[in-house]
Amino acid sequence: QVQLVESGGGLVQPGGSLRLSCVASGSIFYRTEMGWSRHVSGKQRELVATITSSGTITYADSVKGRFTISRNNAKNTVYLQMNSLKPEDTAVYYCNQINHYGAQYWGQGTQVTVSS
């Protein structure tokens, strides 16, 4: 059974940084595509960043130049380094995984709040 566990969320001032982590279990991690999405109540979920099994990376325009996604296959972990945070980055951030069969899984989410 696939499990994704996020950590690293919290309260940060505008301009600050946070690093989110997502540890995966129950999958052949190095063969999966990993991503981060975020959701604000009342709005659609936004795909923030993805990284494929071969290392191809994509970002939403809203986070380009500020967020960096990376993965450590030895640790079954994907990261999201978030710099220059803005109040509009406030959301619940979710880790997701797509395996080589096309099945998609989600973590439970971690709250990020950017406020002074």
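Brief remarks follow.
- Accessible surface for the chain, divided over its residues, is 53 Å² per residue with a 1.4 Å probe.
- 16 Å reach of a label modelled at residue 66, 7 Å along Cα-to-Cβ, counting backbone N of segment 98-116: 112-116
- Taken along the Cα-to-beta-carbon direction at a fixed 7 Å, the label points for residue 1 and residue 57 span 3.4 nm.
- Note that segment 50-116, at 25 °C in a medium of 0.890 mPa s, gets a Stokes-Einstein diffusion coefficient of 183 µm²/s from its Kirkwood radius over C-alpha pairs.
- Cut-off 11 Å between beta-carbons: net charge of the residues surrounding residue 81, Lys and Arg +1, Asp and Glu -1: +2
- Partner lysines whose Cα lies under 23 Å from the Cα of residue 64, excluding those fewer than 8 positions away in the same chain, are identified as 43, 86.
- Solvent-accessible area, 1.4 Å probe, carbon plus sulfur percent, for the chain: 47 percent
- Of 97, 44, 13, the one that fluctuates the most in a GNM where the chain has Cα springs shorter than 10 Å: 44
- Point-charge dipole on Cβ atoms (K/R +1, D/E -1) for the chain, about Cα centre, debye to 20: 120 debye
The values are calculated or read from the model by the stated rules, or taken from the named source; none is laboratory data. Predicted, not measured: the structure shown is a model, and the values here were computed from it. Positions of Cβ are generated from backbone atoms using ideal geometry, with glycine treated the same way; all protein chains shown enter the neighbour counts. Heavy atoms of the whole protein, side chains included, go into the accessibility calculation; ligands, DNA and RNA do not. Shrake-Rupley method; radii C 1.70, N 1.55, O 1.52, S 1.80 Å.
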